[in-house]
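Only the coordinates and a few stated rules stand behind these numbers; no lab work does. Since the model is a prediction, treat every value here as computed from it, not as a measurement. All Cβ positions, even for glycine, are placed from backbone atoms using ideal geometry, and neighbour counts span all protein chains on display.
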Amino acid sequence: MKELTDAIRKLAESQKQLAKQACEQYSPLVNNIINNGSKDVNHICYTLDFMLDFCFDEQMLMLYRRLCRHLYSIDQHAAADYVRYYRDMWDEEGVNTLK
């Protein structure tokens, strides 16, 4: 049983490390999109697609939210879709709602 617990702990730690690396990679990309006022909906959606996998992490969720807000100013329907995708994948009973 201890071996299983240790394996799960290592897996969780590895997941945290991957999320940290993803944040480091996506943070400049999100900042660039927002700071340059990009209106390339396809590029923004493509970026959100990949970020969504890491939204269990609070920092990544904050980046995701920022990019969703930016997208909302360009395409409200697409932004609403990405809020829904997040909720479907990560939000249990409205605990971590995107605002």
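If you bin all the Cα-Cα distances of region 2-99 at 5 Å, starting from zero, the percentages per bin are 2, 13, 23, 21, 18, 10, 6, 4, 2, 1, 0.
The mean sequence separation of alpha-carbon pairs under 8 Å and at least six residues apart, normalised by the residue count of the chain, gives a relative contact order of 24 percent. Neighbour counting of Cβ atoms within 10 Å sorts the residues Ile44, Ile74, fewest neighbours leading, into Ile74, Ile44.
Only helical runs count toward this figure. For the chain, summing -39,500 (n - 2.57) over DSSP H runs of n ≥ 4 and dividing by all residues gives -26000 deg cm²/dmol at 222 nm. Footprinting exposure proxy ranking of His70, His43, His77, fewest other C-beta atoms within 10 angstrom first, gives His77, His43, His70. Note on Val83, Val41, Val30: ascending count of other Cβ atoms within 10 Å places them as Val41, Val83, Val30, the fewest first. Listed by chain and number, the aspartates and glutamates whose C-alpha is less than 13 Å from the C-alpha of Lys16, apart from same-chain residues fewer than 8 away, are Glu24, Asp53, Asp57, Glu58.
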